[in-house]
Amino acid sequence: MRVGSVALVGAGPGDPGLMTVRGLALLRRADVVVYDRLVDRRLLREAPRARRIFAGKASGDHALPQAQINALLVLHARRGRRVVRLKGGDPFVFGRGGEEAAALAAAGVPFEVVPGVSSAVAAPAYAGIPLTHRGLASSFAVVTGHECGRGRGRVDWARLATAVDTLVVLMGVAALPRIARELIAHGRAASTPVALVRWGTTAWQTVVTGRLDGIAARARAARVEPPVVIVIGDVVALAERLAWFAPTAPAAAAYTANG
Ligand SMILES: C[S@@+](CC[C@H](N)C(=O)[O-])C[C@H]1O[C@@H](n2cnc3c(N)ncnc32)[C@H](O)[C@@H]1O
């Protein structure tokens, strides 16, 4: 029997056009596709004959536990199948791709990793926000907001507040009031511009902007919900001139107007 394999493939941030050429080639010849919630369904049409398995997770709502996903990948590969594990953005950026790769390595299953365009860079780009900009920002950090104030491996907001010019926060909507408070308390200017890019790169993209000291209230008023990339830093102001992307979904326009 043919030895199977697994490709951990980054599907990009939403716009299917941002999928890599390598990822698409693997998808087209896949026997099994295990995909996440944030993966654009149009990409699945590229694998019409493949068995498709939804493994998606919404915040706090795990469709399949991680251990089960790992076991599924190993099982199908051992049955000789070409498995594509299609993950939103980049598999190794808050995607638990490392855990899946570790499980495959431990099981002796051949695997490869196809990087994807992470929402951490793509959502700001589609909102007209360069993460670095000569004279304005020469560093950026990507962090999770999920662990704000909690447990092991948590982000050190006190040090981060002034350590880098631009901060990109994934999974940070729920903790936004706390994040803003922490950053201001540790030296970030209250007037720092902030952008919340929701469903970045998609036809539903919306952007809510404000100052660090007022962004949580704005987010609440606009009922901003995940998925959101939070961008904090002076570069956010550039969006006034550089916003180029016009989302086409009617809901997006209405949402921005209310925001
Ligand atoms: C579990 S993380 C996965 C990140 C992914 N691996 C990546 O590289 O983009 C999910 C978070 O990514 C962010 N995200 C993913 N896609 C997004 C999009 N199209 N627009 C805004 N945020 C997005 C949100 O912060 C969301 O809560």
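Here are some notes:
- Cα-Cα separations in the stretch 9-84 greater than 16 Å, expressed as whole percent: 50 percent
- Think of each Lys and Arg Cβ as +1 and each Asp and Glu Cβ as -1; about the Cα centre, that makes the dipole of the chain roughly 840 debye.
- Bridge type composition, the chain - antiparallel percent by DSSP, nearest 5: 45 percent
- Residue by residue, the stretch 64-78 carries 3J(HN,Hα) couplings of 10, x, 4, 4, 6, 5, 4, 5, 4, 4, 5, 4, 5, 5, 5 Hz when phi is fed to the Karplus relation 6.51 cos²θ - 1.76 cosθ + 1.60 (θ = phi - 60°); x denotes Gly or Pro.
- Taken about its Cα centre, the stretch 5-114 carries a charge dipole of roughly 520 debye when the Cβ of each Lys and Arg holds +1 and the Cβ of each Asp and Glu holds -1.
- Kirkwood-Stokes translational diffusion coefficient of the stretch 119-258, alpha-carbon pairs, 25 °C, 0.890 mPa s, µm²/s: 165 µm²/s
- Test item: Cα-centred dipole of the stretch 119-258, Lys/Arg +1 and Asp/Glu -1 on Cβ, debye: 260 debye
- Per residue, the solvent-accessible area of the stretch 119-258 (1.4 Å probe, heavy atoms of protein chains only, all protein chains present) comes to 50 Å².
- Stokes-Einstein D (µm²/s) once Rh is taken as the Kirkwood radius of the chain over alpha-carbon pairs, at 25 °C in 0.890 mPa s: 128 µm²/s
- Fluctuation leader among P48, P13, P193 - the chain, Gaussian network, Cα springs under 10 angstrom: P48
- Given 14 as the ceiling on other Cβ atoms within 10 Å, longest exposed-site-free region of the chain for trypsin sites (Lys or Arg not before Pro) in DSSP loops: 155-222
- Solvent accessible area, Å² - S191, 1.4 Å probe, full protein context: 60 Å²
- Heavy-atom surface analysis with a 1.4 Å probe gives the stretch 18-153 a carbon and sulfur content of 53 percent of its accessible area.
- Over the stretch 119-258, relative contact order from alpha-carbon pairs under 8 Å, at least 6 apart, %: 32 percent
- Share antiparallel - DSSP beta bridges, the stretch 1-114, percent rounded to 5: 15 percent
- In this structure, the amide hydrogen of E112, modeled 1.01 Å from its nitrogen in the peptide plane, lies closer than 5 angstrom to those of V6, A7, L8, counting only residues at least 5 positions away or on a different chain.
- The string of couplings for the stretch 177-193 from the Karplus curve (6.51, -1.76, 1.60, θ = phi - 60°) is x, 5, 4, 4, 4, 4, 5, 5, 4, 10, x, 7, 5, 4, 8, 4, x Hz, one whole number per residue in order, with x for Gly and Pro.
The values are calculated or read from the model by the stated rules, or taken from the named source; none is laboratory data. Given the structure is predicted, the values throughout are model-derived calculations rather than measurements. Because the Cβ atoms are built from the backbone with ideal geometry, glycine has one as well, and the counts that use them run over all protein chains shown. For the accessible areas, the whole protein counts, side chains as well, though only heavy atoms, and no ligand, DNA or RNA atoms are used. Shrake-Rupley method; radii C 1.70, N 1.55, O 1.52, S 1.80 Å.
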